[in-house]
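Q: Quick one: the structure is below, questions incoming.
The values are calculated or read from the model by the stated rules, or taken from the named source; none is laboratory data. These figures come from a predicted structure and were not determined experimentally. Cβ coordinates were reconstructed from backbone atoms using ideal geometry, including for glycine residues, and neighbour counts include every protein chain displayed. The area values use the complete protein model at the heavy-atom level, side chains included, leaving out ligands, DNA and RNA. Shrake-Rupley method; radii C 1.70, N 1.55, O 1.52, S 1.80 Å.
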Amino acid sequence: MDTEVVVESASLISHLECPECGTIHSAHEINTVCANPDCKSALYAKYHLPTGLSKSILNGRPATMWRYKEFLPVIDETNIVTLGEGFTPIIPIGNFKKHASGNEVFWKDESGNPTGSFKARGISAAVSKAKELGLTKLAIPTAGNAGGALAAYAARAGMHAIVYMPRQTPQVFKDECRLYGAELVEIDGSISDCGRLVNEHALLHGWFQVSTLKEPYRLEGKKTMGYEIAEQFDWQLPDVILYPTGGGTGLIGIWKAFDELEQLGWIDSKRPKMVAVQSESCDGIVQAFLAGESTSNFVDGGFTIANGLRVPKPYADKLILRVLRESEGTALNISDAEMNAGVNEVARNEGMLIAPEGAALWQAFKKLKAGNWIKPGERVLLINTGNGYKYLENIEIEG
Ligand SMILES: *Cc1c(COP(=O)(O)O)cnc(C)c1O
Ligand SMILES: [Zn+2]
């Protein structure tokens, strides 16, 4: 008996394009970075974005990031690997209002995502597309959260995950990988060392690498934060967005989403100022931004409690810096002591146990407001990227 396979193609994806040299790549084939050997930039997925498409297509869709499936890369919907990621809440600040007179400040709280961080978004998109392309063995260098997310989504997809993680990462990040059935490799060093080794070993064993921005679709998953911010703020973007920047996928992704939304005619051309917040020990983007450079230097001051921010040289540093400049944003660093204090302060006053990466944003907000960089009347969004429960081993309880 013949069975007909009906492919429901919701995606409007057209191709992959290099933002640096313009080289076009197929969205139906396996791709990593730009194939131009002099370029090797991260690639952007491009979509046929029709004008006149009504926002009402979103009505009644599930409260996950896949409600934006037209603008995500998976062509056959049956390949979507989802655990309910995305459409996370926007929560106005509570008792912190006393520190924010004249500003409306909101959290976008990513801590409820599967595996406790916004990495679930990028990994859901990457694993789904990998499934569509017939890949089965996925390897990743990680500072912690991306490894756990890959382990979970690979388990769900029936794939094999190989995770390279710095030995100094808190135990819970390692345990979750093993629980989800991934192969865990602990490395004495930073995510950069993990990246180098994954690269060598992946070539040797034929694994596909899902490293930040060396794989085109994690960016697509993370960009859904931008779609959600627009939709949840009723298509009137906030004035300032603070983002804890490691590899920069979310920052670049949110910016890409706003471009796509403007092309669709769903938002106007007004954009938020984008702020990159980094750890004092690993602040190459901050240094490059302040020096007016277009690329960053390798900066690794070693351990930080915000392990998601220990990325000594982001692969897409150029793209991150471009977003900061185009948006008339800024960049600043926060120390581990300030992050620790921030985690305590937010827990006690806001009832939210956020990641140190998120706590860095609260500290950055106070500094930018005190310095009058954030102006009275501006609406500010802080993205709490992860769940603080995973970091407790390194958090000192104050008071
Ligand atoms: C990975 C991570 C970051 C950094 O995200 P990028 O998009 O790679 O810059 C920030 N916070 C947490 C909790 C993370 O896991
Ligand atoms: Zn290129």
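Q: Scan region 341-365 for residues that are open to solvent by 10 Å² or more (accessible area, probe 1.4 Å) and either closer than 13 Å to TYR389 by Cα or not in a helix (DSSP H, G or I) (or both) and jot them down. Before you say what the answer is, go through the steps one by one.
A: Taking region 341-365 as the starting set, the residues that turn out to be open to solvent by 10 Å² or more (accessible area, probe 1.4 Å) are 341, 344-345, 347-353, 363.
Listed by number, the residues that qualify are ASN344, ALA347, GLY351, MET352, LEU353.
Q: For residues in region 366-375 being touching a residue at least 24 places away in the same chain (Cβ under 8 Å) and part of a helix (DSSP H, G or I), which is most open to solvent (accessible area, probe 1.4 Å)?
A: So, considering only residues that are touching a residue at least 24 places away in the same chain (Cβ under 8 Å) and part of a helix (DSSP H, G or I), the one most open to solvent (accessible area, probe 1.4 Å) is LYS367.
Q: Starting from residues that are of a type in the set (A, V, I, L, M) and in contact with a Ser or Thr (Cβ under 8 Å, 6 or more places away or on another chain), keep the ones in region 229-261 and report whichever is nearest to ligand 1 (Cβ to nearest atom). Break it down stepwise before answering.
A: Taking region 229-261 and keeping what is of a type in the set (A, V, I, L, M), we get 229-230, 237, 240-242, 251-252, 254, 257, 261.
Applying the additional criterion that residues be in contact with a Ser or Thr (Cβ under 8 Å, 6 or more places away or on another chain) yields 251, 257.
Details: LEU251: 6, ALA257: 13 Å.
Among residues in region 229-261 that are of a type in the set (A, V, I, L, M) and in contact with a Ser or Thr (Cβ under 8 Å, 6 or more places away or on another chain), the one nearest to ligand 1 (Cβ to nearest atom) is LEU251.
Q: Give me the strands (runs of 3 or more DSSP E) completely within region 1-95, filtered to those with at least 2 residues that are surrounded by 14 or more Cβ atoms within 10 Å (Cβ to Cβ) and within 16 Å of ligand 2 (Cβ to nearest atom), ordered by residue number. So that I can check it myself, show each step before the final result.
A: Values: elements: 13-17, 44-47, 90-92.
In region 1-95, 13-17, 44-47 are the strands (runs of 3 or more DSSP E) which contain 2 or more residues that are surrounded by 14 or more Cβ atoms within 10 Å (Cβ to Cβ) and within 16 Å of ligand 2 (Cβ to nearest atom).
Q: Tally time: how many residues in region 110-130 are surrounded by fewer than 24 Cβ atoms within 10 Å (Cβ to Cβ) and among the hydroxyl-bearing types (Ser, Thr, Tyr)?
A: Qualifying residue count, region 110-130: 1.
Q: Restricting attention to strands (runs of 3 or more DSSP E) lying wholly within region 101-191, give those where 2 or more residues are at pLDDT 95 or above and assigned by TED's automatic domain parsing to the domain that holds LEU382. Break it down into steps so the answer makes sense when it comes.
A: Details: elements: 104-109, 137-141, 160-166, 183-187.
Those strands (runs of 3 or more DSSP E) span 104-109.
Q: Something else now. Among the candidates ALA157, ALA139, single out the residue that is open to solvent by less than 10 Å² (accessible area, probe 1.4 Å) and of a type outside the set (S, T, N, Q). Give the derivation first.
A: On the way: ALA157 fails: open to solvent by less than 10 Å² (accessible area, probe 1.4 Å).
Of the residues listed, the single one that is open to solvent by less than 10 Å² (accessible area, probe 1.4 Å) and of a type outside the set (S, T, N, Q) is ALA139.
Q: In region 112-154, what count of residues is obtained for those that are within 11 Å of ligand 1 (Cβ to nearest atom), farther than 22 Å from GLU200 by Cα and among the aliphatic types (A, V, I, L, M)?
A: Summing the residues that are within 11 Å of ligand 1 (Cβ to nearest atom), farther than 22 Å from GLU200 by Cα and among the aliphatic types (A, V, I, L, M) in region 112-154 gives 2.
Let's see how each residue does on (1) open to solvent by less than 10 Å² (accessible area, probe 1.4 Å); (2) acidic (Asp, Glu); (3) part of a helix (DSSP H, G or I):
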position: GLU231; (1), (2), (3): no, yes, yes
position: LEU237; (1), (2), (3): no, no, no
position: LYS256; (1), (2), (3): no, no, yes
position: VAL275; (1), (2), (3): yes, no, no
position: GLN278; (1), (2), (3): yes, no, no
position: GLU293; (1), (2), (3): no, yes, no
position: ASN297; (1), (2), (3): no, no, no
position: PHE303; (1), (2), (3): no, no, no
position: TYR315; (1), (2), (3): no, no, no
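Q: So, one more: I'd like to know if region 211-228 contains one or more residues that are assigned to a strand (DSSP E or B) and more than 19 Å from THR88 (Cα to Cα).
A: Just the residues of region 211-228 that are assigned to a strand (DSSP E or B), to begin with: none.
Among the residues of region 211-228, not one is assigned to a strand (DSSP E or B) and more than 19 Å from THR88 (Cα to Cα), which makes the answer no.
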